[in-house]
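The values are calculated or read from the model by the stated rules, or taken from the named source; none is laboratory data. As the structure is a computational prediction, the values presented were derived from the model and not from experiment. Heads up, the Cβs are rebuilt from the backbone with ideal geometry, glycines too, and the neighbour counts pull from every protein chain shown.
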Number of protein chains: 2
Amino acid sequence: MVTADTKETKIEIVQGGGITSPQGFTAGGVHVGMRHDWTKLDFGLVYSETPCTTAAVYTSNTLKAAPLLLTREHLTDGKAQAIVANSGCANAATGKPGAENAVTMAKLAADKLGVEPADVVVASTGVIGTQLPMDRVAKGVAETKLTGDGGDDFAVSIMTTDTVKKQIAVSFGGWTIGAACKGVGMIHPNMATMLCFMTTDAPVEEAFLSSALKEAVDVSFNMVDIDNDTSTNDMAIVLANGLAGGDTITAGQPQAEAFQKALTLVCTSMARMMVSDAEGGTKLIETKVEGAASPADARKAAREVVTSIGVKTAIYGEDANWGRILAAIGNSGAAWSEPKTALYLRHPDGGEICLYRDGAPQEYDEAAAKACLAPAEVLVRIDLGQGTGEATAWGSDLTEEFVRLNSMYTT
Amino acid sequence: MVTADTKETKIEIVQGGGITSPQGFTAGGVHVGMRHDWTKLDFGLVYSETPCTTAAVYTSNTLKAAPLLLTREHLTDGKAQAIVANSGCANAATGKPGAENAVTMAKLAADKLGVEPADVVVASTGVIGTQLPMDRVAKGVAETKLTGDGGDDFAVSIMTTDTVKKQIAVSFGGWTIGAACKGVGMIHPNMATMLCFMTTDAPVEEAFLSSALKEAVDVSFNMVDIDNDTSTNDMAIVLANGLAGGDTITAGQPQAEAFQKALTLVCTSMARMMVSDAEGGTKLIETKVEGAASPADARKAAREVVTSIGVKTAIYGEDANWGRILAAIGNSGAAWSEPKTALYLRHPDGGEICLYRDGAPQEYDEAAAKACLAPAEVLVRIDLGQGTGEATAWGSDLTEEFVRLNSMYTT
């Protein structure tokens, strides 16, 4: 796990931390049977003692789930105090009844917690096109116990085909940011998938919280690929209750940089966890593009490489088929030229091997190339030789198991 | 196989026809050993008795193979008289030696056939990043015998992982169009893949030939997807020698519509053949979008559905997971709304079943839905209820076998 130092503030990982690590947040999760074949926790709540400044980003898919539309409406005032979430049913493409069910879900949670329905974030994840079993939602609201160490159960309750729960907490300058997320067919329509909830006890101004979240998401969740798709339910939301005190953090304020770095570290860690747990995946492919004409060009190239099915299948097969990497760059729309481009793989013993440079394939040891592709994390470094733009993207490999899982999901 | 009637001219499929069906074209193919593990024909030539008016479209990938760059240069005058092609090596990402080898390949073919090097189309397909074995190219030029029924051998000589040769010829109004193509990881970087050569004995004006080719490619090769990728070597080229006589065909001329329809039929047939033979594929997914706000919206939606990995894997698993189709539409950028959209599957016994309409999932018989997804050709019809725009796209399913093939291609 990474830590980062800012000029003034050290950011540290809270061992075993999660969404209830920041002061004033409680959470919980229960099993209510949202899917007939599930025994796992599938319903959860998060609560803050005091109202929170809140920022959110949502899916770009124009098919938007009912809970997402309701949450967006609730957050127009930038305030929230609770989260209600379920797995097993996405409540997407469910028409008017689905919209009404999302409203009821918010109301039930609000009544239990003594907050306004408009201060409740509502999230659902699971199969598209089935209606929420509202008796089970009611049961979930009634039975969930909110505790200061309930972050674990909440993180489990939002999992679908995730094989591990995904959570993190970091502390910096007396404040803490906690997070729970789910998504392994991230950015994958059927799973209606990526949810990331973050909490913090730092006092953060709303405008800065929004811009900080956008910046963190741009270099994390927006730089990962499992299967080229964008879900109908994706949301990343941060709730800041300010209970740890201190001056309000605004843009340009001394602690703004530390907060941005901490939030980015949380988002990047969550994004990597999702890709590492990708459906059927065996490897995380980290692609670092340097020397691009601009940061935007670097992003395009890095994303295209981790998205390419040719690259994903070749790396799964531990086949140093660098022509596919070059072709992905050629497909990306980034400014580049063959003679200026160099491709490298990180060797697990340290150092790198060069696959392509000066417009020509390089001589390299096949066994060494194979060794570079053997680890669970493969690092591809690309120098475009155009300028100083940099970006990193993360993708999973594509395996027979992914196809098997995704060809029989609803049945 | 489809035939089409125009107002004045009937278009007919020439049984067993191919690239040498039009008058004045000869072709051939030989085995020279471009890959150590191949015994198939892997080198071919096509020749026209007289110079041809020529039009071409090329890959949009900015990594362009040496033969493609040379061919584009040769065709700036809109004239060609011969094609030299090989499989097994793409001559892409091969730097200066690769460019020189393409020039030599054209010169060797030109010398044998008594034409100018600038009138030779050069094409290579196979692995990226290896140099052409020029002794074998020379052997291929020397040994290939050009005959009036050599179209079959030429069609075989350009195959890589294709399992069947792909050719067609159609006749209309005394003229004939013939074609040979290859590509099964179409639009797939490693295979450097899609090549389509067309010949005709119709007399066609250059400007009209270009616009007719563009129009035909837009509704055929540009509407298929196997694996989301664009190759470095893709080209579709038509050579018209005019040897069957008649008035020169220009835009607006009486035979222009018949020529356009015949060329479109050839391109569409070839595109379908490629998708039907997709690497690891078991099904062709035809997606017909109607009622779009514009033809461009229809194209976006149709292409996104056949490109979606979620849709491809679900249809492979014969799982009527219509939420993935809806999410693909939501990802496509096409104008749409849930309540106006309807999704249908064609039933093999005739008729259709409706999966989604009026903003809500429809009740349907699971067994009937399964039956719709069982055939080797699955038809998805989408009515967006916005206007009159229409488009059809074709995609393969995504299978474990695709992953297996693509994870071990170069090794």
If you scan the stretch B:263-275, which residues turn out to be of a type in the set (Gly, Ala, Ser) and more than 17 Å from B:Thr307 (Cβ to Cβ)? B:Ser269
Identify the residue in the stretch B:54-65 that is touching a residue at least 40 places away in the same chain (Cβ under 8 Å) and out of contact with any strand residue (DSSP E or B) (no Cβ under 6 Å at 6 or more places or on another chain) and, among all such residues, is farthest from A:Ala334 (Cα to Cα). B:Ala65
In this structure, does B:Ala169 turn out to be buried (at least 24 other Cβ atoms within 10 Å of the Cβ), in a strand (DSSP E or B) and either at negative phi or at pLDDT below 95 (or both)? yes
Restricting the stretch A:272-308 to residues that are farther than 14 Å from A:Ser332 by Cβ and within 14 Å of chain B (Cβ to nearest Cβ), the residue that is surrounded by the most Cβ atoms within 10 Å (Cβ to Cβ): A:Ala278
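Conditions (1) away from chain B (no Cβ under 14 Å); (2) under 18 Å from the mean Cα position of the chain (by Cα); (3) under 24 Å from B:Gly359 (Cβ atoms); (4) in contact (Cβ under 8 Å) with a residue 40 or more places away in the chain, marked per residue:
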{"position": "A:Asn86", "(1), (2), (3), (4)": "yes, yes, yes, yes"}
{"position": "A:Cys89", "(1), (2), (3), (4)": "no, no, yes, yes"}
{"position": "A:Val103", "(1), (2), (3), (4)": "yes, no, yes, no"}
{"position": "A:Val122", "(1), (2), (3), (4)": "yes, yes, yes, yes"}
Residues in the stretch A:330-345: is at least one away from chain B (no Cβ under 14 Å) and either surrounded by 15 or more Cβ atoms within 10 Å (Cβ to Cβ) or of a type in the set (Gly, Ala, Ser) (or both)? yes
Scanning the stretch A:66-80 residue by residue, those touching a residue at least 60 places away in the same chain (Cβ under 8 Å) and either of a type in the set (Ser, Thr, Tyr) or closer than 18 Å to A:Gly44 by Cα (or both) turn out to be A:Pro67, A:Leu68, A:Thr71, A:Ala80
Exactly one of these conditions fails for B:Thr130: (1) outside any helix (DSSP H, G or I); (2) surrounded by 24 or more Cβ atoms within 10 Å (Cβ to Cβ). Give me its number. (2)
Kindly list the number of the only condition in (1) in a strand (DSSP E or B); (2) modelled with pLDDT of 90 or more; (3) surrounded by 22 or more Cβ atoms within 10 Å (Cβ to Cβ); (4) not charged (D, E, K, R) that fails for A:Ala236. (2)
Go through the stretch B:309-321 and report how many residues are within 7 Å of chain A (Cβ to nearest Cβ), part of a helix (DSSP H, G or I) and in contact (Cβ under 8 Å) with a residue 12 or more places away in the chain. 4
Which residue, of A:Lys139, A:Lys145, A:Lys214, is modelled with pLDDT of 95 or more, assigned by TED's automatic domain parsing to the domain that holds A:Pro254, at negative phi and outside any loop (DSSP other than H, G, I, E, B)? A:Lys139
Please state which of the following conditions A:Gly385 fails to meet, knowing it meets all the rest: (1) within 13 Å of another protein chain (Cβ to nearest Cβ); (2) under 25 Å from A:Ser294 (Cα atoms); (3) touching a residue at least 40 places away in the same chain (Cβ under 8 Å). (1)
Find the residue count for the stretch A:362-390, including only residues that are touching a Pro at 6+ places or on another chain (Cβ under 6 Å) and over 11 Å from A:Arg346 (Cβ atoms). 1
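So that you can scan it fast, the table gives a plain yes or no per residue for (1) farther than 30 Å from B:Glu215 by Cα; (2) in contact with a Lys or Arg (Cβ under 8 Å, 6 or more places away or on another chain):
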| residue | (1), (2) |
| --- | --- |
| B:Thr307 | no, no |
| B:Val311 | no, yes |
| B:Gly323 | yes, no |
| B:Ala328 | no, no |
| B:Ala371 | yes, no |
